[in-house]
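So the structure is just underneath, and the comments pick up after that.
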Amino acid sequence: MGESILQSKECEQEEKNEIPEGPQKSRINREQLLPKLFDGCYFYLRGPFRHHSKDNLIKLVAAGGGQILIRKPKPDSDVTQTINTVAYHSKPDSDQHFCTQCIIYEDLSNHRPERVRQGKV
């Protein structure tokens, strides 16, 4: 296919070659001015990151419309649980819909924090 495009010297519509799920959905969402992937989500980056740069993760979160938390979220805090944001692009009946505060750590690290799954965190 790439050769025929080069030989014809004509532009092809990108949409015909687009992967239907992620990239296509992302482009359509952007064209319709819908919120970004991480809109309404907050991330706390815990511990050292050796495999992935913490700076790159921060940039990824920002590019996706998410926000970085400076302090670890407290799952049992009334303030945390009364936050009324939802993860915009999650399915309304999924666990991720109301779980908007995520603690991210590198699995390769020797330090393994206990897993949290409580309310919004």
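Looking across region 14-45, the residues that are surrounded by fewer than 14 Cβ atoms within 10 Å (Cβ to Cβ) and assigned to a helix (DSSP H, G or I) come down to GLU14, GLU15, LYS16, ASN17, GLY22, PRO23, GLN24, ARG27, ILE28, ARG30, GLU31.
Pairing residues of region 36-56 that are assigned by TED's automatic domain parsing to the domain that holds VAL86 with residues that are at pLDDT 90 or above and assigned to a strand (DSSP E or B), at Cβ distances under 6 Å and at least 6 apart in sequence or on separate chains, gives TYR42/GLN67; PHE43/ILE68; LYS54/LEU45.
Do we have any residue at all in region 46-63 that's part of a loop (DSSP other than H, G, I, E, B) and at pLDDT 85 or above? Give the steps one after another, and end with the answer.
Of all residues in region 46-63, those part of a loop (DSSP other than H, G, I, E, B) come to 47-53.
Restricting the remaining residues to those that are at pLDDT 85 or above gives 53.
Yes, region 46-63 contains at least one residue that is part of a loop (DSSP other than H, G, I, E, B) and at pLDDT 85 or above.
Quick check on region 24-35: of everything there that is free of Cβ contacts under 8 Å to residues at least 24 places away in the same chain and among the aliphatic types (A, V, I, L, M), which residue is nearest to LEU69 (Cα to Cα)? Per the criteria, the residue is LEU33.
The values are calculated or read from the model by the stated rules, or taken from the named source; none is laboratory data. Please read all numbers here as calculations on a predicted model, not as lab measurements. Using ideal geometry, Cβ is built from the backbone for each residue, glycine included, and neighbour counts are taken over all protein chains shown.
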